[in-house]
1. Can you give the net charge of the other residues whose Cβ lies under 11 Å from the Cβ of Ala151, counting K and R as +1 and D and E as -1?
2. Roughly how much of Tyr132 is accessible, in Å² to the nearest 10, using a 1.4 Å probe?
3. What figure, in Å² to the nearest 10, do you get for the accessible area of Glu90 with a 1.4 Å probe and non-protein molecules left out?
4. Count the net charge of all other residues whose Cβ sits under 10 Å from the Cβ of Thr73, scoring Lys and Arg as +1 and Asp and Glu as -1.
5. Taking the mean number of other Cβ atoms within 10 Å as a proxy for protection, how do you rank 115-126, 64-75, 161-172 from highest to lowest?
6. Counting heavy atoms of the protein chains only and a 1.4 Å probe, report the per residue accessible area for the chain as a whole number of Å².
7. Under a 1.4 angstrom probe, counting protein chains only, how are Ser153, Ser87, Ser24 ranked by accessible area, largest first?
8. Excluding Ser118 itself, what net charge comes from residues whose Cβ is under 14 Å from its Cβ, given Lys and Arg +1 and Asp and Glu -1?
Amino acid sequence: SDSSTNSTGNTPVLERPKVIYNDSTKKYVMWMHIDYSDYSLANAGVAISDNPTGPFKYLGNKRPNSAMSRDMTLYKDDDGKAYLFSSSEENATMYVSLLSNDYLSQSGTYKRNLINQSREAPAVFKYNVKYYMISSACTGWAANEAKYATANSPIGPWTLISNPCVGTNASTTFGGQSTYVLPIDAKNGKFIF
């Protein structure tokens with residue numbers, strides 16, 4: 001929302017901004033979770049810039065595909081298509097939406113994934129021909145075990161597998177939560193999340 005409070009006095013919340021570059025429009029596109037402090041809004045916002053560090057022009061927010069959007073991420077595939085992943089349906093289901101060619105809206109193509117699995121904090125990457133998503137369970141601010149899911153396409157269907165973490169405190173994702181996967185040497189399977 002563009003105002004500082006809503007009718008119930010909630011203050012705005014902006015979380016998990018992600019930026020990708022659109023090769024066609026030559027713009028950097030930021031998507032982010034826009035909400036109120038009571039998490040009643042559950043929208044996704046979008047902004048654009050000529051520079052990855054901004055300034056970004058805020059274009060507005062809405063519920064993608066008329067569905068809630070909370071913890072989210074962006075994924076840009078090798079073919080230039082981009083996808084918005086977001087926890088929806090009170091965080092019970094992960095929505096994956098193909099974005100329009102300019103990345104500023106949803107294309108209308110989307111899929112409900114991990115239905116009733118209650119996953120949040122998605123982080124997506126590709127290794128060889130498989131797509132991987134690391135996500136967290138929904139336990140409020142308490143740390144929990146990460147799980148990974150696989151798919152043959154970014155849109156899904158996604159299959160939840162198990163905890164990718166090993167070692168001391170792996171059962172609580174080392175006290176953190178996924179937000180992004182950084183490819184270090186993707187061809188050889190080296191990533192940091």
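1. +3
2. Ignoring ligands and nucleic acids, Tyr132 comes out at about 50 Å².
3. Only protein atoms counted, so the area is about 120 Å².
4. +1
5. The packing order, highest mean first, is 64-75, 115-126, 161-172.
6. It amounts to 50 Å² per residue over the chain.
7. Ser24, Ser153, Ser87
8. Around Ser118, the charge tally is -1.
The values are calculated or read from the model by the stated rules, or taken from the named source; none is laboratory data. All values reported here derive from a predicted model rather than from experimental measurement. When we count neighbours, we look across all protein chains shown, and the Cβ atoms used for this are built from the backbone with ideal geometry, even at glycine. Calculation scope for accessible area: heavy atoms of the full protein, side chains included, ligands and nucleic acids excluded. Shrake-Rupley method; radii C 1.70, N 1.55, O 1.52, S 1.80 Å.
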